[in-house]
Amino acid sequence: MSGAEQIPVVVKEVVPVNDLITRFRFVHREGRRLPSFSGGAHTVVEMDDNGIRRRNPYSLMGDPADTSGYSISVRRDDVGRGGSLYMHRVVRPGMEMVISNPVNLFALDLRARKHLFIAGGIGITPFIAMMAQAHRFGQRFELHYAARSRSLGAYMGELSERYGDRVHLHLDDEGTRLDLERLLARQPLGTHVYICGPKPMLAWVIDTATALGWPSEAIHYEEFLAPPTGQTFEVELAASNKRITVGAHQSLLEAIEAAGVDAPYLCRGGACGQCETDVLACDGRILHNDHWLTDAQKAEGTKIMPCMSRFEGRLLVLDR
Amino acid sequence: MTKTIFEPSILSRPVYGELEPRRGQGHLMVADGEGAEAILDCLARAPEAAAMLARTHIIYCPGPNGTDLSDRLAALGAAQFHRAPSFAAALPRLRRVLGDARMGTQVYLAGTEGLIGQALREVTDAGLPHTAVQTEHRGSTVRRVQCVHCKGITEDVRTDPFQCSHCGLWLFVRDHYSRRIAAFQGVNIDAEDPGQVPTPVVRFQ
Ligand code: FES
């Protein structure tokens, strides 16, 4: 079986946080403690969405010291593929589900003298766990949290209360936007910056920091990528001798799994590299949506990341 | 003297590059001996040398073989130039500069392995990842070696084997390097046959 080891859980709580965000808490079905994790880790939640098996990664937002359960927050995406809608509409307290052991691709760099967290919207979730960890170990940190409005900035109140002036809120509708250049220019040597939020925000922070001379080793980010939707397409799986159809709201990886083929994965968000698959033949265009393959590899077209990428064209044969 | 070519060796043996001017809010350059020439070459390649110099702090000490190029560095006109008689004497200043530095400061280290290693340790202690620091080897190849038995450090080791300046054991100089201690490791060479010490050969000059 691919992916991280699985845990049978039961949904303990479903709590609406604001108009778009709901929090879920999972505990072990047999009342056992869950594996410990570090701030920035995610779990992959399995959903059986009308015959489509989805496995979506969500950041663990609880205190890493608390292993009695895991909490995640899910933002409803009305135009997405349906995973978040399933979580919002179907998942109820008492429901039995399966989640994966935690995997961390966004850990604190413990060489840092200071951690600077920059969150946009729902991107706050990994930082809630990271701040709990940094706080426990007496590490210096500062959070800058941007959202459209206070009502859409989940957990703003609690975090400000818990961490006081280490939390800075930036709200579009209150005109308190982040002066990023000023912020990054005055950080003490040894600061690491962590960014989680929408793509343009990531690019903005990475570019500004790089222009100021920040080394790439001190810039960490996690993009909560969801596999994009697109046109239906067909793929041949050479090793298992199958021809499959990838639906518009399905990822290639999901379609491979639905065909009963065990394919490797870990993050399901184009970041970890686990799902890398060789392309044996391609007549058409691979739509690379991951940030694992290099630009050169993407241009070459001999590899594909099925968790994120799609295809347009006549024929795609994979070594799977 | 131009940059030194070292034989490829085990992974732990440090490797050095060539200093390149980089974009940054400030520039901290630390060098000894012939390392001054790496700084001069780097600045000569800078597209906007005057602007870079206006934000450059140079800390320099003479090399283990006596090379002292401070006049040429002083003549560059950097925002700050500080000459110290030794690395140990420069250390308090280096620590203060690192303590006040902001992210976006570029660090350049040049000269002997002893200087690069010890300055790098200070920079990484200040929280900058070691891979973000540029280094270039110039000049003497003498080594800073830690005796793995008594833990004492001998500076400027020239021969292999050599006698530990602390416990007196004869030590074989390995390429095994500790970034934390900023020293190569020296291991007793006649542990099994006491007194059978090969004739010391000058390996580091
Ligand atoms: S599963 Fe991580 S990159 Fe595809």
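The values are calculated or read from the model by the stated rules, or taken from the named source; none is laboratory data. Since the model is a prediction, treat every value here as computed from it, not as a measurement. In this analysis, Cβ positions are derived from the backbone assuming ideal geometry, glycine residues included, and neighbour counts consider all displayed protein chains. All accessible areas refer to the heavy atoms of the entire protein, side chains included, with ligands and DNA or RNA removed. Shrake-Rupley method; radii C 1.70, N 1.55, O 1.52, S 1.80 Å.
The C-beta contact set for segment A:299-320 (first residue within 22 Å of A:Ala226 (Cα to Cα) and within 14 Å of another protein chain (Cβ to nearest Cβ), second residue away from the ligand (no atom under 15 Å from the Cβ) and open to solvent by less than 50 Å² (accessible area, probe 1.4 Å), distance under 7 angstrom, 6+ apart or interchain) is empty. Looking across segment A:59-89, the residues that are under 19 Å from A:Val9 (Cβ atoms) and either part of a strand (DSSP E or B) or in contact with an Asp or Glu (Cβ under 8 Å, 6 or more places away or on another chain) (or both) come down to A:Ser59, A:Tyr70, A:Ser71, A:Ile72, A:Ser73, A:Val74, A:Gly83, A:Ser84, A:Tyr86.
Buried (at least 22 other Cβ atoms within 10 Å of the Cβ), touching a His at 6+ places or on another chain (Cβ under 7 Å) and of a type outside the set (Ser, Thr, Tyr), is that true of B:Gln106? Answer is yes for this residue.
Which one is farthest from the other protein chains (Cβ to nearest Cβ) among residues in segment A:259-274 that are within 11 Å of the ligand (Cβ to nearest atom), among the small types (Gly, Ala, Ser) and open to solvent by less than 40 Å² (accessible area, probe 1.4 Å)? Among them, the one singled out is A:Ala263.
In segment A:115-155, which residues are part of a strand (DSSP E or B) and either on the phi > 0 side of the Ramachandran plot or surrounded by fewer than 17 Cβ atoms within 10 Å (Cβ to Cβ) (or both)?
Pass one, segment A:115-155, residues part of a strand (DSSP E or B): A:115-120, A:140-147.
A:Arg140, the sole residue that qualifies.
For segment A:1-41, which residues satisfy the criterion of being open to solvent by less than 40 Å² (accessible area, probe 1.4 Å), more than 19 Å from A:Pro93 (Cα to Cα) and either touching a Phe, Trp or Tyr at 6+ places or on another chain (Cβ under 6 Å) or not in a strand (DSSP E or B) (or both)? The answer is A:Ser2, A:Gly3, A:Ala4, A:Phe37, A:Gly39, A:Gly40.
Residues are listed down the side, and each one gets a yes or a no for (1) in contact with a His (Cβ under 7 Å, 6 or more places away or on another chain); (2) within 13 Å of chain B (Cβ to nearest Cβ):
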{"position": "A:His168", "(1), (2)": "yes, no"}
{"position": "A:Asp179", "(1), (2)": "no, no"}
{"position": "A:Thr191", "(1), (2)": "no, yes"}
{"position": "A:Gly213", "(1), (2)": "no, yes"}
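Filtered by the rule that a residue be buried (at least 16 other Cβ atoms within 10 Å of the Cβ), without any contact (Cβ under 8 Å) to a residue 60 or more places away in the chain and away from the ligand (no atom under 11 Å from the Cβ), segment A:248-258 gives a lone residue, A:Ala255. Checking each residue in segment A:233-247 for being acidic (Asp, Glu) and either surrounded by fewer than 16 Cβ atoms within 10 Å (Cβ to Cβ) or under 22 Å from the mean Cα position of the chain (by Cα) (or both) picks out only A:Glu234. Given the criteria open to solvent by 40 Å² or more (accessible area, probe 1.4 Å) and within 14 Å of the chain's Cα centre (by Cα), does A:Arg75 qualify? Considered against the rule, which asks whether it is open to solvent by 40 Å² or more (accessible area, probe 1.4 Å) and within 14 Å of the chain's Cα centre (by Cα), A:Arg75 comes out as yes.
Of all residues being in contact with a Cys (Cβ under 8 Å, 6 or more places away or on another chain) and open to solvent by 80 Å² or more (accessible area, probe 1.4 Å) in segment B:72-100, which is nearest to A:Gly190 (Cα to Cα)? Just the residue, please. If you could, list the steps in order and put the result at the bottom.
Restricting attention to segment B:72-100, the residues satisfying the condition of being in contact with a Cys (Cβ under 8 Å, 6 or more places away or on another chain) are B:83-87, B:89-90.
After this cut, where a residue has to be open to solvent by 80 Å² or more (accessible area, probe 1.4 Å) as well, the list is B:83, B:85.
Working: B:Arg83: 26, B:Pro85: 28 Å.
Only one residue tops the list, namely B:Arg83.
Would you call A:Ala218 in contact (Cβ under 8 Å) with a residue 60 or more places away in the chain and either surrounded by 17 or more Cβ atoms within 10 Å (Cβ to Cβ) or within 16 Å of the ligand (Cβ to nearest atom) (or both)? For A:Ala218, the condition - in contact (Cβ under 8 Å) with a residue 60 or more places away in the chain and either surrounded by 17 or more Cβ atoms within 10 Å (Cβ to Cβ) or within 16 Å of the ligand (Cβ to nearest atom) (or both) - is met. Of the numbered criteria (1) part of a helix (DSSP H, G or I); (2) crowded, with 21+ Cβ neighbours inside 10 Å, the one A:Ala112 fails is (1). From the list A:Thr232, A:Thr277, A:Thr245, the lone residue that is among the hydroxyl-bearing types (Ser, Thr, Tyr) and within 16 Å of the ligand (Cβ to nearest atom) is A:Thr277. Scanning segment A:158-179 for residues being touching a strand residue (DSSP E or B) at 6+ places or on another chain (Cβ under 8 Å) and either in a helix (DSSP H, G or I) or of a type in the set (Asp, Glu) (or both) gives a total of 5.
Residues checked against (1) in contact with a Ser or Thr (Cβ under 8 Å, 6 or more places away or on another chain); (2) more than 14 Å from chain A (Cβ to nearest Cβ); (3) farther than 19 Å from B:Cys61 by Cα; (4) among the aromatic types (Phe, Trp, Tyr):
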residue: B:Ala79; (1), (2), (3), (4): yes, yes, no, no
residue: B:Arg83; (1), (2), (3), (4): yes, yes, no, no
residue: B:Ala89; (1), (2), (3), (4): no, yes, no, no
residue: B:Leu98; (1), (2), (3), (4): no, no, no, no
residue: B:Thr105; (1), (2), (3), (4): no, no, yes, no
residue: B:Glu113; (1), (2), (3), (4): yes, yes, no, no
residue: B:Val123; (1), (2), (3), (4): no, no, no, no
residue: B:Val145; (1), (2), (3), (4): yes, yes, yes, no
residue: B:Arg158; (1), (2), (3), (4): no, yes, yes, no
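Look at segment A:267-287: where a residue is within 23 Å of A:His42 (Cα to Cα) and a partner is near the ligand (Cβ under 6 Å from one of its atoms) and acidic (Asp, Glu), sitting 6+ places away or on another chain with Cβ atoms under 7 Å, you get A:Gly270/A:Asp290. Pairs linking a residue in segment B:82-93 that is modelled with pLDDT of 95 or more to a residue that is open to solvent by 80 Å² or more (accessible area, probe 1.4 Å), with Cβ atoms under 9 Å and 6 or more positions apart or on different chains, are B:Ala90/B:Arg83. Within segment B:132-139, is even one residue more than 30 Å from A:Thr191 (Cα to Cα) and away from every other protein chain (no Cβ under 14 Å)? Yes; the residues of segment B:132-139 include at least one that is more than 30 Å from A:Thr191 (Cα to Cα) and away from every other protein chain (no Cβ under 14 Å).
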